[in-house]
Every structure is written in C-alpha cells, then in structure tokens.
Amino acid sequence: MDPLSADARVETDSSWFHVDGLAAVFAAVCADAVVRVRGDKHYEKTDVDANRSISYRVIRFIPPFVERASLLRIPGVGARMVRNVAGDMAELDPEDFYLLSGVEQGMRFSEWVRRDKIPDYADLTREEVDYRIDRCLDRELIERKTIQYEGYQLTFEGYDALALRTFSERETIDGVGSPLGFGKEGDVYEAQSFKPLALKYHREGYTNFREVNREREYTADRDHVSWLYTARKAAEREFEAMEALYPDVSVPRPVDHNRHAIVMDKFEGVELARAKLEPEQAIGVLDLVLRELVTAYDLGWIHADMSEHNVAVAESGITIFDWPQAVPVDHENAREFLERDVENLLRYFGRKYPHEVPRDADIEGIAAAIVDDSFTTIRAFGVE
Ligand SMILES: Nc1ncnc2c1ncn2[C@@H]1O[C@H](COP(=O)(O)OP(=O)(O)OP(=O)(O)O)[C@@H](O)[C@H]1O
Ligand SMILES: [Mg+2]
C-alpha cells in the first residue's frame, strides 16, 4: 500500500512528507514505512529522486499519543529501527565475534567485503566462516549483497554487538536496560553497572550518508567512506569533548568509549523542551545554560547543536548533552556556531516564555560576552 493513499494530511512538496498522529502510524505500518518522530523537530529535506525505488520499514514504534510523525522516504534499503542486540549476546560464540570483526576489518577497504577474503580477515577456516556467516545472517548482524561478487557488510546490530562485547570484556557495563531516548543520530539505552549509566550508539551516516554517497555516485572503493567510520568519528568526537569538559561543565560524566558507542552517567531530569518551568524560572535556567556555554568556551569548545532537546533540567540543576558535533574554538566558523547556539536557545525561550524573554535579544552581543568571558546574566542584554 502506498502511504500517500492513507487518509492523512500529506505534504508532497519535497522528497519527504508528514502525516499526523495515528494516521501516520497506520500508513507507516501498512506501507512497511520508515517513520521517525521527533517532537516538533523536522528532518532535513533531501533531494531524493522520486522515481528511485523506495522501500520502507518501520523504524520507530509510534505510540498513539504522539501528535506528529514524519515519514521519511529513504531510497533503497538501509533505514530501519536498529534492534537492541543486548539480548543476543549470550547466544553468540567467540567465533561469531571473529567473523564480525573480520567483516569490520574488510569494511575499511570496501563497502561490501568479498566472501573469499573473510577467512583471512577473521582468522577462521573457510568452513568455519560458512557456518558463522549463516548464524550472523540469521541474527541480522551482517547482510549480504551480490553485486559483481558476493559481499558482506556489518549491520548496525553487528557493529553494536562488537562494541557491547568490548564494554562487557572491560567490565564497563554489566547489562543493557530499557531505552532512554532515540534521537536523530543516536539510540540511547540505560546500562547497568554499580550506578545507572547510559549507553549511546551513534547512528550518523547510516541513512543520510548513504544518500549522499548515492548522489555522488561513488564507485571507486578508495572514495568509500563507510557509515561505520562516520558513526565512529562522531562517537570519538563526542567522547573527546565530554572528557575535556567534565566536570567543569555540567555534562554527563564520560565513562568509556568504543567504536561508535559511548558510555556515560545517566543524567537526572527531563529535556528542556518537555520541562514545565514557571515563567519566573525561565531567565534563571537560560542563564544557567548560557553560563555553561561560557565555561565550555573557556575550555576550548563550542557545542554547535544547542537546542531545547540537548539540555536536561532537574531539581539538582541542568545537564548539557549530545556533543558529537562540538567544534574547537579555533574552528574557522566558530563564531557562527556559537551565535547559532545562542540564537537557538533565545528563540526557544522567547517563544515559550514570551513575557520573560524578548524575541529580539542581542545575539551577537551575548556571543561576544561568552567569548570574552564577561557574560553573567541575560539581564545585562536588555532582558527584564
Ligand atoms: N546520559 C543520558 N542519560 C539519560 N538520558 C539520556 C542520556 N543521553 C541521552 N539521553 C536521552 O536520549 C535522547 C537522545 O540523546 P542525544 O540527544 O544524545 O542523541 P542524538 O540522537 O544525537 O540527538 P539529536 O536528535 O538531538 O541529534 C536524549 O534526548 C535523552 O532523552
Ligand atoms: Mg539530541
């Protein structure tokens, strides 16, 4: 069934469209569609050729109370909910992990790893590889594609399993619990240790990058940059920034990092976007967030994706999280990123608390005060 024929309001002026509420769930399930939900945050438009073959799968279950869903069209296969592999771990043998890390190694050189190269990469006999490939295919830890040759690729589940095994070998975590949040570019789960932790798997590059790849018609393998690399780089950057900032800036304590995954302390509170502040608290909270940005700048970093979705508010204070796109203060566009961060915050507060925070605050002046470390309160910028 074509999701467009579902009884729902659909915008078709771009390569993706929205439908509302339950209708979206229904349309998506019928169409086996890709569905992503993100409050009022929309996905970027992409120039996907409408004639391309499109396949859909449900990647997020949408509870009926969710007001709006976005249906995102993804060409080809690839975008889908990444299953929580924690439950598979006990069933996997050490040889299954050799196979997975063999495929991982091969993916440094080509997107699809030739079957006949896997025994060397995995350090397994040909017969063992045959057996392990079947087991890993069954569990969707790898996928197969026959192009000019028979090739294999890790799925995100396979990559997750490798990271999870490393964390468990290092005794970073004892187990994985329920989901804490699914963002645009990360899946976050509760993790058990002697204290509650959060495990974040980065997903950058899995969908968007594939589209970019397709558009550029990458053919030569030397040009190949895999989603593994993109996601791993994002996790490395996030961990690096958090290590630099903790504990001076209120970020979750970074605990461990492997491949595309990071482990950090679980924070208290709710996303600012969902927090119900009393109007008279609004300025105070905005000041707290901006002062964290001052300290981060002082330590050499700009968040560069600041929004009401990346700040948690609790009785005990605020936490600023989601740092993979952080840039050093000597980045050539540093000032632009900083001003955008300030602008995003002020726009949000101005919209939600219009009597407390004016919409025309001096963004550049505030950014300048962050840079020269003179910022103390938003009240110094004409805010009553
Ligand atoms: N340390 C943590 N403790 C508790 N919950 C967390 C933690 N880190 C993330 N979360 C939850 O997971 C969600 C997604 O996390 P995060 O914003 O880091 O991922 P993202 O996919 O990069 O987000 P975005 O969509 O903003 O790019 C958060 O909104 C939050 O609810
Ligand atoms: Mg986020």
Open item on the list: Looking only at segment 173-195, filter to residues that are outside any strand (DSSP E or B) and crowded, with 19+ Cβ neighbours inside 10 Å; which one of those is nearest to ligand 1 (Cβ to nearest atom)?
Closed with: GLU185
TODO: Scan segment 364-379 and report the pairs whose first residue is on the phi > 0 side of the Ramachandran plot and whose second residue is surrounded by 12 or more Cβ atoms within 10 Å (Cβ to Cβ) and part of a helix (DSSP H, G or I), with Cβ atoms within less than 8 Å and a gap of 6+ or a chain change.
DONE: ASP373/VAL294; ASP373/TYR297; ASP373/ASP298
Task: Members of segment 143-168 that are within 28 Å of LEU197 (Cα to Cα) and in a strand (DSSP E or B) - done: LEU154
Open item on the list: Looking at segment 244-263, can you tell me whether even one residue there is outside any loop (DSSP other than H, G, I, E, B), modelled with pLDDT of 95 or more and closer than 27 Å to ALA380 by Cα?
Closed with: yes
Open item on the list: Restricting to segment 307-323, and then to whatever is in a strand (DSSP E or B) and within 11 Å of ligand 1 (Cβ to nearest atom), can you tell me which residue is surrounded by the fewest Cβ atoms within 10 Å (Cβ to Cβ)?
Closed with: ALA314
Task: Selection status of ALA326, within 13 Å of ligand 1 (Cβ to nearest atom) and surrounded by fewer than 17 Cβ atoms within 10 Å (Cβ to Cβ) - done: no
Open item on the list: So the check is Cβ under 7 Å with 6+ separation or different chains; which pairs have a first residue in segment 308-330 that's hydrophobic (A, V, I, L, M, F, W, C) and a second one that's assigned to a loop (DSSP other than H, G, I, E, B) and near ligand 2 (Cβ under 10 Å from one of its atoms)?
Closed with: ALA312/PHE321; ILE320/ASN310; PHE321/ASN310
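The values are calculated or read from the model by the stated rules, or taken from the named source; none is laboratory data. Since we're looking at a predicted model, the values are computed, not measured. Here Cβ is always computed from backbone atoms with ideal geometry, including for glycine, and neighbour counts include all displayed protein chains.
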